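Engineer: Just passing along the structure, written as structure tokens.
Every number here is computed from the coordinates shown, using simple stated rules; none is lab data. Because the structure is predicted, anything quoted here is derived from the model rather than measured. Note: ideal-geometry Cβ built from the backbone for every residue, glycine included; neighbour counts use all protein chains shown.
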Number of protein chains: 2
Amino acid sequence: MDWPVMTWGAPHAERADAVRNRLHLLATAREMLAELGADRLTMDALAERSGLGKGTVFRRFGTRAGIFQALLDDGERAFQEQVLSGPPPLGPGAAPLERLIAYGRARVGFLMEHREIARAALDGRQPIPAGSQTPLSQMHIRMLLGQIHLGPANLDILAVQLTAALDGPLLLYLSAADLRHAAPQAEQRLAQSWQDLVQRVCRP
Amino acid sequence: MDWPVMTWGAPHAERADAVRNRLHLLATAREMLAELGADRLTMDALAERSGLGKGTVFRRFGTRAGIFQALLDDGERAFQEQVLSGPPPLGPGAAPLERLIAYGRARVGFLMEHREIARAALDGRQPIPAGSQTPLSQMHIRMLLGQIHLGPANLDILAVQLTAALDGPLLLYLSAADLRHAAPQAEQRLAQSWQDLVQRVCRP
DNA sequence: AGCATAACCGGACTTTACCCCGCTTAGTGG
DNA sequence: CCACTAAGCGGGGTAAAGTCCGGTTATGCT
């Protein structure tokens with residue numbers, strides 16, 4: 001799917017009605033999500049409820065998972081702002097290792113809060129979609145790793161591995177039932193374990 | 001889905017015709033997989049080609065992903081045998097850390113070899129299915145971690161994290177195109193990075 | 001303003017995973 | 001050998017994802 005790029009004034013800019021529809025669809029999707037839960041949010045229903053055609057829904061988001069990815073991106077934007085320019089230890093100003101630990105804790109919280117959306121955003125056929133979710137997470141981890149003095153190591157792959165270690169448990173291995181049952185404890189333990197892992201990896 | 005347990009002689013054992021059909025379906029699935037690729041392997045086609053009803057296919061495997069999980073399990077069984085009783089450094093006899101490194105290398109190879117099936121075995125709705133794939137991997141890593149003297153650490157979660165760091169890149173983050181393009185290199189780099197990661201985590 | 005064109009829209013259509021339920025058959029105990 | 005029962009079987013039916021294309025509308029240019 002080739003998304004219309006949002007370069008201003010350039011040719012192929014997103015048309016005004018398209019923007020309107022996109023925002024309206026996202027709002028409607030959020031409503032339905034809160035009302036019905038992720039797996040009862042169907043494309044037909046979304047189209048009907050928003051008063052638009054099904055074709056429009058698919059052109060805007062490409063795929064069902066795409067909707068959840070877009071929804072997640074919204075949250076991610078706010079989150080990234082905290083990370084990039086918020087107060088330490090999450091934002092700049094703290095030591096890189098502290099930031100890395102704080103980042104993991106915050107991301108666990110974020111994913112836990114949006115776990116329904118995050119799960120639904122996974123698409124079996126395609127790997128993690130461009131412009132969404134992980135790339136940002138991975139890039140941030142990669143950046144912080146670069147600021148920590150580590151011996152010889154392939155920081156790019158290490159960042160991928162750490163991202164997987166951070167997201168994987170929540171996205172892949174813990175069942176929804178596990179989480180619903182004891183979410184706060186799970187969140188605490190995952191954050192703590194992330195800290196342990198990072199400290200192990202990054203010590204001299 | 002509640003699979004018939006294979007406790008011998010106990011009530012509810014898997015019936016003979018069911019076994020026949022299951023094996024036949026798996027064989028047919030393997031054929032179609034080799035011939036058409038994973039995403040053209042459809043349930044209807046599988047049913048028709050195997051000469052069985054659609055209902056039978058679903059009763060046997062529960063879901064589309066279930067077929068690929070079953071297929072993967074077959075390979076996994078052979079793999080596990082190597083791990084549990086093959087020659088060192090993979091099998092017993094080597095130091096735990098060496099075994100852990102060797103295990104990662106072997107698993108990367110295994111997943112790379114079966115990446116199409118492994119991807120297709122992921123089910124968006126459900127977390128990693130019981131009796132399949134990761135639990136074995138996770139358990140093995142957990143066991144080896146237990147044999148390495150680590151400081152205070154939650155070995156259970158650490159095992160989950162390492163499993164994610166091992167499987168995640170291949171299952172989630174690397175696109176099929178990336179892999180097709182430079183599979184051997186990717187395999188080498190992932191194995192090397194696994195070794196780096198584990199050595200970092202497990203040093204005193 | 002008027003025109004040309006590129007996006008966009010809608011909804012019918014196709015494909016496919018998955019469900020259901022009446023019928024059949026394999027196993028068992030007498 | 002026979003009945004009995006639970007498991008298994010088949011294939012038509014449903015719902016939801018994703019595609020297509022003829023008609024519509026926004027936008028840039030003159």
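Engineer: Which shape class applies to segment A:148-201: rounded if a/c is under 1.5, otherwise prolate when a/b exceeds b/c and oblate if not, where a ≥ b ≥ c are the square roots of the Cα gyration tensor eigenvalues?
Structural biologist: Here segment A:148-201 falls in the oblate category.
Engineer: Count, for each residue of A:156-162, the Cβ atoms from other chains sitting within 10 Å of its Cβ, then give me the mean as a whole number.
Structural biologist: For peptide A:156-162, the averaged partner shielding equals 6.
Engineer: For the protein assembly as shown, what are the per-bin percents of Cα-Cα distances with bins 10 Å wide, up to the bin holding the maximum?
Structural biologist: Going from the shortest bin to the longest, the percentages are 4, 20, 28, 27, 15, 5, 1, 0.
Engineer: Right, something else. At q = 0.12, 0.13, 0.16, 0.18 Å⁻¹, what log₁₀ I(q)/I(0) does a Debye calculation on the Cα points of chain B give, no solvent, two decimals?
Structural biologist: -0.70, -0.80, -1.11, -1.27
Engineer: When the helices in the protein assembly as shown are scored as -39500 (n - 2.57) per DSSP H run of 4 or longer and the sum is shared across all residues, what 222 nm value do you end up with, to the nearest 500 deg cm²/dmol?
Structural biologist: Computed mean residue ellipticity for the protein assembly as shown: -21500 deg cm²/dmol.
Engineer: How long are the semi-axes of the equivalent ellipsoid of segment A:10-97, taking √(5λ) for every eigenvalue λ of the Cα gyration tensor, in whole Å from largest down?
Structural biologist: Values: eigenvalues 202, 62, 19 Å².
In descending order the semi-axes read 32, 18, 10 Å.
Engineer: Taking beta carbons within 10 Å but only from partner chains, what does the mean come to for residues A:117-124?
Structural biologist: Values: counts 0, 0, 4, 2, 1, 5, 2, 10.
Neighbouring Cβ atoms belonging to other protein chains average 3 per residue here.
Engineer: Could you work out the relative contact order of chain A? I mean the mean sequence separation of Cα pairs under 8 Å and 6+ apart, divided by the number of residues, in percent. Could the numbers behind the result be given before it?
Structural biologist: On the way: 162 pairs, mean separation 37.1, N = 204.
Reported as a whole number, the value is 18 percent.
Engineer: Where in chain B lies the longest segment free of trypsin sites (Lys or Arg not before Pro) that are both loop residues by DSSP (not H, G, I, E, B) and have at most 14 other Cβ atoms within 10 Å? Intermediate results must be reported in sequence, preceding the final value.
Structural biologist: Numbers: sites that count: B:R15, B:R125.
The reported range is B:16-124.
Engineer: Oh, and also: Would you mind checking the tilt of helix B:96-113 against the longest principal axis of the Cα atoms of chain B, expressed as 0 to 90 degrees and rounded to 10?
Structural biologist: Taking the Cα atoms of chain B, the angle to B:96-113 is about 40 degrees.
Engineer: If you take the alpha carbon radius of gyration of segment A:99-204 and divide it by 2.2 N^0.38 Å, what ratio comes out, to two decimals? Working shown, then result.
Structural biologist: Details: Rg = 14.0 Å, N = 106, 2.2 N^0.38 = 12.9 Å.
In units of the globular-protein estimate, segment A:99-204 measures up at 1.09.
Engineer: Still on this structure, please answer the following. Place the label 7 angstrom along Cα→C-beta at A:G37 and in each other copy, then list the distances from the first to the rest in nm, shortest first.
Structural biologist: 3.5
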